[in-house]
1. I want to check the label-to-label distance for Glu211 and Gln422. Put each point 7 Å from Cα in the C-beta direction and report it in nm to one decimal.
2. Along the Cα→Cβ direction, 7 angstrom out, place labels at Lys98 and Glu394. What is the inter-label distance in nm?
3. Got a sec to turn the phi values of segment 132-139 into Karplus ³J(HN,Hα) couplings, 6.51 cos²θ - 1.76 cosθ + 1.60 with θ = phi - 60°, whole Hz, x for Gly and Pro?
4. Using the Kirkwood radius over Cα pairs, work out the Stokes-Einstein diffusion coefficient for the chain at 20 °C and 1.002 mPa s, in µm²/s as a whole number.
5. Arrange the peptides 108-119, 370-381, 411-422 so that the one whose residues have, on average, the most other Cβ atoms within 10 Å appears first.
6. Please turn the phi angles of segment 277-282 into ³J(HN,Hα) values with the Karplus equation 6.51 cos²θ - 1.76 cosθ + 1.60 (θ = phi - 60°), one per residue in order, whole Hz, x for glycine and proline.
7. How much length would be gained if the chain were fully extended between Asn299 and Leu406, taking 0.36 nm per residue of separation minus their Cα-Cα distance, in nm to one decimal?
8. Which order, highest average first, do 149-155, 66-72 follow once you tally other Cβ atoms within 10 Å for each residue and take the mean per peptide?
Amino acid sequence: MPNVEQQSNIEGGDGVGKEAEEKIELTPEQERAKQRMIYHLSKGDHDIYIAFSIKKEFNLSNEITNELAKQAMIKSLLETWTGSAINIKRLFFNSNDKIIKSPEIQEAAKSGMIKGLLTKTWFNDALRIKENFLSDEIAGEVCKQVMIKDLGRGNIDNAIKIKEKFNLPEEAVQDAAKQEMIRRLDDGMIDYAVEIKEKFNLPEEIITSPEIQDAAKQGMIVCFRYGNINDTLRIKEEFKLPDQELAQGIEEIIKQEKLLPILTNLDVIPESVLRLLENKYFLLTYKQNLALASEKIYNQYRKFKQEGDEVQLAGFIEKIRSQTESLISNEPQSSEISKQEYYQDLIRAVYPNHAESRTDYENNESCPDRSGDLEKFEIKDVYEIDLREGVEMEMKPSQEKDEKGLTQLEKPIAEIQQKFSQVEFDKEKMF
């Protein structure tokens, strides 16, 4: 046994974590054995057995070896060298639960388990760490933490695999799914929120909980603000929001003076919802009378309704309908039509912009009408040519074939065809 200068105050003989431990003097042979042991512990795998045999062969006490083994076990857990960590526990600390439950080992075990769970191929390592180092309660918290992270990264299948593999309590699973679903709904990401709802088979009480309902309402507002009416209505349906919630969401958008998404989608907003807003905003009757996606026209309509001036309102409706009809009529249009009060608004409403970012109404308006420039040209008569497959073409009477022109046209085509046929039309060799 090694010589001890002063009595150690180590309790239980575990020899770990005691700052007050007195220095133990080793013989030169024992010091060399200790260094060999450190080396083999750091290697892991079967070297753990070599390290343990050195301890036995040189009669190294727990006071010397336990701290070395503990640090090696921490490293093995952090690296997810699960087999090495378990072997160290079995050989060096078989009956010493105190060391396994020490804060350092527990933190390393949790870190190793997280690493294993986040790497699909290491699931079994995570499970072995849980069985050998962590209580069910702590392992459950680790699983929940990783599930939330997986769900946040869009990895639903991995989160479900954790749920099934570790037989987690339903409450913990539902709470993890609920947290991510709330986050996605807040951002208006309905597809992912619904996928979580369906794959985790969340019960009615979760879907109708105040937290989910508030997040769903916020998601509707976000979708409405960006004109995603289909997503808005899907949120309402999937998360069982009453008509009143959708009506409140629409009212919030109106208060923010962002009317266009609402006016553009009047035809798909349930009439039961529009009816709830009718006394204040008159959206249902506006839909029935005009249904044009124009804030200016709607605001004027609403003004007449608020004032209760039915005569002015009827005249306004007739004027807008007449102007709309003149825009879509096949009759010749006077240039005076562009001077009508709601001309620009009607153009936008009747002919929505499909050009995306390439142009807009303002840019188009800045372009002058150049059709008058064509008046000085005499347009020759033409005849239609039908190029559909199977149509037989004939020369127009009194016309002759331009052989020279045809040769010039056909020659380069024939040369390219011959060149490509020589390489059997292999794309890599053709170009």
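Computed from the coordinates by the stated procedures, all read-outs in this text should not be read as laboratory data. Values in this document were obtained by computation on a predicted structure and should not be read as measured data. Every residue, glycine as well, gets a Cβ built from its backbone with ideal geometry; the counts of neighbours run over all protein chains shown.
1. If labels sit at Glu211 and Gln422, their model points lie 7.3 nm apart.
2. So the label points at Lys98 and Glu394 sit 11.2 nm apart.
3. Rounded to whole hertz, the list is 9, 10, 10, 6, 4, 5, 5, 4.
4. On the way: Rh = 30.8 Å.
So the translational diffusion coefficient is about 70 µm²/s.
5. Working: 108-119: 21.6, 370-381: 6.5, 411-422: 10.4.
Most protected by this proxy first, the peptides run 108-119, 411-422, 370-381.
6. 9, 4, 4, 9, 10, 6
7. Numbers: separation 107, 0.36 × 107 = 38.52 nm, distance 6.38 nm.
Stretched fully, the Asn299-Leu406 segment lengthens by 32.1 nm.
8. Values: 149-155: 16.7, 66-72: 21.6.
Ranked from most to least packed, the peptides come out as 66-72, 149-155.
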